[in-house]
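Single-structure report; data block below.
The values are calculated or read from the model by the stated rules, or taken from the named source; none is laboratory data. Everything numeric here is computed off the predicted structure, so don't read it as measured data. Positions of Cβ are generated from backbone atoms using ideal geometry, with glycine treated the same way; all protein chains shown enter the neighbour counts. Areas reflect the complete protein model, heavy atoms only, side chains present, ligands, DNA and RNA absent. Shrake-Rupley method; radii C 1.70, N 1.55, O 1.52, S 1.80 Å.
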Amino acid sequence: MKKRILSIVLALCMMLTLVPTVAFASDATYVVAGVPELCEKNWDGSPEGNEENIMASNGDGTYIKVYTNVAVKNDYTFKVVENLSDGTQNWYGADGGNNVFFDVVSVCDVTITFDSATKEINVTGSGVEFTTDLVVDSVTVVGNGNYEKWLNGEPWNPGAYANQMTEVEPKVYEITYTNLEKDLYCEFKFAINSSWTDSFGGTFSASGVETNAVYNGSTMSFTTTYELTDVNIRLDLSSFDYATKEGATFTVTLVESHDHDFTGDWDYDGTYHWHNCKNETCSEIRDQAKHSGGTATCTSKAKCDYCDAEYGELDSSNHSLTLVPAKEATSTETGNTAYYVCDGCQHWFEDANGETEITDKESVVIPTVDEPSEPEQPAEEDDSFITLLKNFIDSSIKFFKALVAFLIDFISSLIS
């Protein structure tokens, strides 16, 4: 009996030692596929001839690939590709299948790990940072441009300059194709910055209907309906949130081709001006340009030289100043030091350039002054008294002289 129990225990131990091997055995090969700056080969998910991008197994259902001395660059992009023995491929990314993006801000080794059970992808490295916003330099319509007038005959070329859209409003892009023949099957997507790294697809529902654009979504398609059809395509990224990859919309408008008759007056918004086609079903515009010219002040925006629309922001440093000259104070009125007043905002400044504002307006006031008192004048002397005194002195002097002369004569007579 004891031997039988011991045999059962040994059998269980052997089974337990085999569990990891059974649980993590896989006939799949995992490959990192992405931009050539990271993987050398451009989005090649096959293991054949691509050994440098095959991920190594950690033996626990996770896989790893290390890239050494990765250069400084923004928007490294990749996915992990599962290659099964029957030739099937499954591509895994982030956020429901989107490409994985990261930046390298300093040269470092980059480690990519993949969990085959959870499909979770991680990227680590001392210089690794993750992209937080979509920077758009250009938007290109890309598709089956097999017809001369559809996509200008450029099939699936994200770098085709002829198919770059015009930014008609901030983060809103448009392009128009004219005189397309009836029943043309047109496929397209939106490529950002002349690359497939960031793109938008979705599902076309109907002409003129605004529809959600799906980040890195599927190809869209429509068929022309008129003998000659004009197609206007619009992509609105103004509400796109990179974190959730939501908020973008697109609109495809199909109208019957016609000769454009543009308005003479400008239409405009806060950034651009243009001429609209007078046909109500046509969205074609002409002469679109950003506002320019004019000068903003502290109270009014700049006025465009072409369409007279106000645009931009106020210039809080641009004032129209009038000098208030200095004035001396009197006993009845206060005075002031010289200062300047803006004719627009009515702010006061110490200088003619409006650089030093006077916030305390009492500081320029000179208070009234007291009138000086009259100095006391000496009392006028009595002229008659002075005259009398002068006469007395003159008489005394004459008497004294006469007395001296008399005494001299008298003494002389005695001596003789």
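Once fully extended, how much extra length lies between S126 and D370, figured as 0.36 nm per residue of separation less the alpha-carbon to alpha-carbon distance?
Values: separation 244, 0.36 × 244 = 87.84 nm, distance 7.88 nm.
Computed gain between S126 and D370 is 80.0 nm.
Let me check something: with ligands and nucleic acids excluded, how do F240, F400 order by accessible area (1.4 Å probe), largest to smallest?
Result of the area sort, largest leading: F400, F240.
From zero outward in steps of 5 Å, how is the percent of C-alpha pairs of segment 76-133 spread across the bins?
Here the calculated profile for segment 76-133 is 4, 17, 26, 22, 16, 9, 4, 2, 0.
Just to verify a number: what accessible area does T132 come out at with the full protein assembly present, 1.4 Å probe, Å² rounded to tens?
Per-residue accessible area (T132): approximately 120 Å².
What is the projected area of the convex hull of the Cα atoms of segment 35-110, averaged over all directions, in nm²?
5.7
Normalised radius of gyration for segment 288-330, please: alpha carbon Rg relative to 2.2 N^0.38 Å, two decimal places. Could you put the intermediate results ahead of the total?
Working: Rg = 16.6 Å, N = 43, 2.2 N^0.38 = 9.2 Å.
Its radius of gyration relative to the 2.2 N^0.38 Å reference: 1.81.
Given the rule -39500 (n - 2.57) for each run of at least 4 DSSP H residues, summed and divided by the residues of the chain, what is its mean residue ellipticity at 222 nm, to the nearest 500 deg cm²/dmol?
-5000 deg cm²/dmol
Kindly report, to the nearest 10 Å², the accessible surface of H273 as traced by a 1.4 Å probe over protein heavy atoms only.
Near enough 0 Å² of accessible area.
Among the listed pairs K73/K245; K41/K149; K278/K301; K41/K65; K171/K290; K327/K361, which have their C-alpha atoms separated by more than 25 angstrom in this model?
K41/K149; K278/K301
Going from most exposed to least, what order do Y185, Y177 have by accessible area with a 1.4 Å probe?
Reading off the accessible areas and sorting them downward yields Y185, Y177.
Can you work out D for the chain in µm² s⁻¹ from Stokes-Einstein, where Rh is the Kirkwood radius over C-alpha pairs, the temperature is 10 °C and the viscosity is 1.306 mPa s?
Numbers: Rh = 31.1 Å.
Rounded to a whole number, D works out at 51 µm²/s.
Mind giving me the FRET efficiency for A289 and Y161? R0 is 25 Å, r the Cβ-Cβ distance, nearest 0.05 is fine.
Efficiency, rounded to the nearest 0.05: 0.85.
Could you check the spin-label model distance between K303 and V72? Points 7 Å from the Cα along Cα→Cβ, value in nm.
If labels sit at K303 and V72, their model points lie 4.8 nm apart.
State, to one decimal in nm, how far the label point of E51 lies from the label point of S238, with both points 7 Å from Cα in the Cβ direction.
Label at E51, label at S238, 5.5 nm between them.
Relative contact order (percent) for the chain, with alpha-carbon contacts under 8 angstrom and 6 or more residues of separation?
7 percent.
In whole percent, what relative contact order does segment 138-197 give with Cα contacts below 8 Å and a gap of six or more residues?
The value is 44 percent.
So, in nm, how far is label F410 from label S221 when the simple model puts each one 7 Å beyond its Cα toward the Cβ?
Distance between the two pseudo-spin positions: 16.7 nm.
What length, rounded to one decimal in nm, is gained on full extension from V135 through to L228, with 0.36 nm per residue of separation minus their alpha-carbon distance?
29.8 nm
Using protein chains only and a probe of 1.4 angstrom, how many square angstrom of Y311 are accessible, to the nearest 10?
50
Among N42, N336, N53, determine the one that fluctuates most according to a GNM of the chain built with springs between C-alpha atoms less than 10 Å apart.
N336
For helix 2-24, report the angle its Cα long axis makes with the longest principal axis of the Cα atoms of the chain; keep it between 0 and 90° and round to the nearest 10°.
60
Within the chain, what whole-number % of the accessible surface is contributed by carbon and sulfur, with the 1.4 Å probe and all protein chains included in the calculation?
Taking all protein chains in place, the chain shows 52 percent carbon and sulfur surface.
So which aspartates and glutamates pass the test for K189, namely a Cα distance under 12 Å, with those fewer than 8 places away in the same chain ruled out?
D198
Which whole-number value in Å² is the accessible area per residue of segment 212-345, probe 1.4 Å?
Accessible area per residue: 54 Å².
Report the full-extension gain for the segment V105 to C345: residue separation times 0.36 nm, less the Cα-Cα distance, to one decimal in nm.
Extending this stretch completely gives an extra 81.7 nm.
What is the calculated FRET efficiency for E355 to E246, with r their C-beta to C-beta distance and R₀ = 60 Å, to the nearest 0.05? Working shown, then result.
Details: r = 48 Å, r/R0 = 0.79.
That pair, E355 with E246, gives E of 0.80.
For R234, R286, give the ranking by accessible area with the largest first, probe 1.4 Å.
Reading off the accessible areas and sorting them downward yields R286, R234.
Of the residues P170, P155, P325, which exhibits the maximal mean-square fluctuation in a Gaussian network model of the chain defined by a 10 Å Cα contact cut-off?
P325
What would the Debye formula give as log10 I(q)/I(0) at q = 0.12, 0.22 Å⁻¹ for the alpha-carbon point model of segment 176-235, no solvent?
-0.31, -0.92
With charges only on Cβ, +1 for K and R and -1 for D and E, what is the dipole size of the chain about its Cα centre, in debye, rounded to 20?
2380
Just want the answer: with Cβ charges of +1 for Lys and Arg and -1 for Asp and Glu, which residue in M165, L323, S283 is farthest toward the dipole's positive end in the chain?
Highest projection toward the positive end goes to M165.
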